[in-house]
Amino acid sequence: MAKILHGDILGPETPGSKEDKARAETVRRGFWKKFRAAARHIPFAEDVAAAYFCAFDSATPIRVRATLIGALAYFVLPVDAVPDFLVGIGFADDATVLMTALTLLRGHIQPAHYEAAKRALAGEKPA
């Protein structure tokens with residue numbers, strides 16, 4: 001079971017290669033700012049926040065962590081298939097990538113990840 005401290009799932013290790021670690025750091029730095037700006041456009045925001053906590057939980061299998069971090073990186077990075085500044089459709093591709101990853105990996109997102117997500121969405125600052 002994942003350890004929770006101050007609303008965050010602990011797990012400093014990141015998946016695999018140097019590129020994976022760089023992508024994970026990009027997600028850590030940019031996720032919450034981008035998420036808060038986009039949350040009202042994402043009907044499954046709690047699932048996305050839970051996926052973030054799952055991705056950084058050391059108890060999550062590495063292949064699952066890598067896939068979630070990849071999907072979250074696509075969400076965080078400003079350059080993607082459809083630029084985010086396009087009103088109405090800017091987040092559509094991000095949402096599609098996230099929803100696909102969530103659908104495939106939902107069984108790995110644990111109740112502790114959802115609890116951490118609920119606290120973060122309620123305004124508690126995630127680490």
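The values are calculated or read from the model by the stated rules, or taken from the named source; none is laboratory data. It should be emphasised that the depicted structure is a prediction, and the values quoted were computed from it without experimental measurement. Because the Cβ atoms are built from the backbone with ideal geometry, glycine has one as well, and the counts that use them run over all protein chains shown. For accessibility, only protein heavy atoms count, side chains too; no ligands or nucleic acids. Shrake-Rupley method; radii C 1.70, N 1.55, O 1.52, S 1.80 Å.
Is it the case that segment 117-125 has a residue that's in contact with a strand residue (DSSP E or B) (Cβ under 7 Å, 6 or more places away or on another chain) and either part of a helix (DSSP H, G or I) or at pLDDT below 90 (or both)?
no
What helices (runs of 4 or more DSSP H) lie completely within segment 1-77 and have 3 or more residues being at pLDDT 85 or above and open to solvent by 30 Å² or more (accessible area, probe 1.4 Å)?
Where helices (runs of 4 or more DSSP H) fall fully within segment 1-77 and carry at least 3 residues being at pLDDT 85 or above and open to solvent by 30 Å² or more (accessible area, probe 1.4 Å), they are 18-38, 62-76.
Confirm whether Asp84 is open to solvent by less than 60 Å² (accessible area, probe 1.4 Å) and either at pLDDT 85 or above or within 15 Å of the chain's Cα centre (by Cα) (or both).
So Asp84 fails the test.
Of everything in segment 97-127 that's more than 17 Å from Ser58 (Cα to Cα) and without any contact (Cβ under 8 Å) to a residue 24 or more places away in the chain, which residue is least open to solvent (accessible area, probe 1.4 Å)?
Step by step, filter segment 97-127, then rank; the result is Gly123.
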